[in-house]
Amino acid sequence: MTSQKETPDAHIDVGVTTQYIEDQSSPEENRFVFSYTITIRNTGSLAAKLLTRHWIINDANGNVQEVHGEGVVGEQPYLLPNESFEYTSGTVIETPVGSMEGSYQMITDDGFAFDANIPAFTLSQPNALH
């Protein structure tokens, strides 16, 4: 007989807003700069710490950048239930439209590791999508 460990109630919601940074972009040089503000909210019943991140960044030419790293903006936020953490970062792509998606690798106080998925979101220069 085998026993299965119960999956703890560890759940993270991720919200995103994006902005095109016109003064840092250079469309004639295929340089489109975007900022994104992420809100990470612990909607589970257990505290969790963000350890690492994994991003997949796509542009309209089919170029894919993958980014792996520790924490976010130099921090590894520890979130109690109902707490949130917000940060702003940025990316550069070669086309006026692209997308990002990924995940945060999290761990609870009792050592349960899980991925908090970041749903795909669009990066778009104003008026690039009709």
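The values are calculated or read from the model by the stated rules, or taken from the named source; none is laboratory data. Here the structure is a predicted model, which is why all the values come from computation and not from measurement. Note: ideal-geometry Cβ built from the backbone for every residue, glycine included; neighbour counts use all protein chains shown.
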Inset, instruction - Inspect segment 49-64 for any residue being surrounded by 13 or more Cβ atoms within 10 Å (Cβ to Cβ), farther than 17 Å from PRO126 by Cβ, touching a Leu at 6+ places or on another chain (Cβ under 9 Å) and of a type in the set (Ser, Thr, Tyr) and give the result as yes or no. - result: no
Legend entry - Filter result for GLU101 (part of a strand (DSSP E or B), charged (D, E, K, R) and exposed (fewer than 15 other Cβ atoms within 10 Å of the Cβ)): no
Inset, instruction - Report those strands (runs of 3 or more DSSP E) wholly inside segment 1-96 carrying at least 1 residues which are more than 21 Å from ASP110 (Cα to Cα) and of a type in the set (Asp, Glu). - result: 48-59, 64-70, 84-93
Inset, instruction - Run down THR2, THR95, THR18, THR91 and say which single residue is at pLDDT below 95 and β-branched (Val, Ile, Thr). - result: THR2
